[in-house]
């Protein structure tokens, strides 16, 4: 079945530590890939997206993500986490079979320890 | 200022009482979409619209209706709400479907 999987429901990291959030998808041919962030009580904001080309994508707020075709993964990374990064992060996919449909993962909630 | 607005922001209603959640945008974008967000399930697409008078089902359309009579508005209609439609609803807008989506502030709906 087609799916977007974020295996980590909650992650806690210390401020200043590095971060990696995992995302795997199963949609056949390379889809369009996105990472969104949702701060408490807010809507979602785009962090970065991958359509084609360079597999390492830079986004806002110091985030980056790497597309690995062989692993069907699009993991989000940040070298040094700030307390303001505490939020919920969603991976999303637009499959190449239907550009009108968005599929979101179940989200990873990030806590940042001082 | 570019905006996506939703009304109401909060709504408590009873089973079977028809309701409409409005979504309006001033960004002149073609694509609009409705999602529901439930704990542990992320966001699931209910309906989307590629342009005026063009709508299609997302992943979870049962119990919902939409219309797109004009470019800026995309209301979500619950003809006979049920408790399993209690959720947080988001409207989103983008230039084209696969572009960055801009989300509204959300509508928290409780159906008793």
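In this structure, is residue B:97 touching a strand residue (DSSP E or B) at 6+ places or on another chain (Cβ under 8 Å), surrounded by 14 or more Cβ atoms within 10 Å (Cβ to Cβ) and more than 14 Å from chain A (Cβ to nearest Cβ)?
On the way: touching a strand residue (DSSP E or B) at 6+ places or on another chain (Cβ under 8 Å): yes; surrounded by 14 or more Cβ atoms within 10 Å (Cβ to Cβ): yes; more than 14 Å from chain A (Cβ to nearest Cβ): no.
For residue B:97, the condition - touching a strand residue (DSSP E or B) at 6+ places or on another chain (Cβ under 8 Å), surrounded by 14 or more Cβ atoms within 10 Å (Cβ to Cβ) and more than 14 Å from chain A (Cβ to nearest Cβ) - is not met.
Looking only at region A:25-35, count how many residues are without any contact (Cβ under 8 Å) to a residue 60 or more places away in the chain and either within 14 Å of chain B (Cβ to nearest Cβ) or part of a loop (DSSP other than H, G, I, E, B) (or both). The qualifying residues number 1. The set of residues in region A:73-94 that are out of contact with any helix residue (DSSP H, G or I) (no Cβ under 6 Å at 6 or more places or on another chain) and farther than 22 Å from residue B:40 by Cβ comprises A:77, A:79, A:80, A:81, A:82, A:83, A:84, A:94. crowded, with 18+ Cβ neighbours inside 10 Å, outside any loop (DSSP other than H, G, I, E, B), free of Cβ contacts under 8 Å to residues at least 60 places away in the same chain and under 11 Å from the mean Cα position of the chain (by Cα), is that true of residue B:47? Yes: the conditions hold for residue B:47.
Does residue B:109 fit the bill of being surrounded by 14 or more Cβ atoms within 10 Å (Cβ to Cβ), in contact with a helix residue (DSSP H, G or I) (Cβ under 8 Å, 6 or more places away or on another chain) and over 22 Å from residue A:34 (Cβ atoms)? Lay out the reasoning, then the answer.
Working: surrounded by 14 or more Cβ atoms within 10 Å (Cβ to Cβ): yes; in contact with a helix residue (DSSP H, G or I) (Cβ under 8 Å, 6 or more places away or on another chain): yes; over 22 Å from residue A:34 (Cβ atoms): yes.
It is true that residue B:109 is surrounded by 14 or more Cβ atoms within 10 Å (Cβ to Cβ), in contact with a helix residue (DSSP H, G or I) (Cβ under 8 Å, 6 or more places away or on another chain) and over 22 Å from residue A:34 (Cβ atoms).
Yes or no, residue by residue, for (1) free of Cβ contacts under 8 Å to residues at least 24 places away in the same chain; (2) within 13 Å of the chain's Cα centre (by Cα); (3) more than 24 Å from residue A:40 (Cα to Cα); (4) in a strand (DSSP E or B):
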{"residue": "B:21", "(1), (2), (3), (4)": "no, yes, no, yes"}
{"residue": "B:27", "(1), (2), (3), (4)": "no, no, yes, no"}
{"residue": "B:55", "(1), (2), (3), (4)": "yes, yes, yes, yes"}
{"residue": "B:81", "(1), (2), (3), (4)": "no, no, yes, no"}
{"residue": "B:109", "(1), (2), (3), (4)": "no, yes, no, yes"}
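Each value in this text was obtained by applying a stated rule to the coordinates, not by laboratory testing. Given the structure is predicted, the values throughout are model-derived calculations rather than measurements. Positions of Cβ are generated from backbone atoms using ideal geometry, with glycine treated the same way; all protein chains shown enter the neighbour counts.
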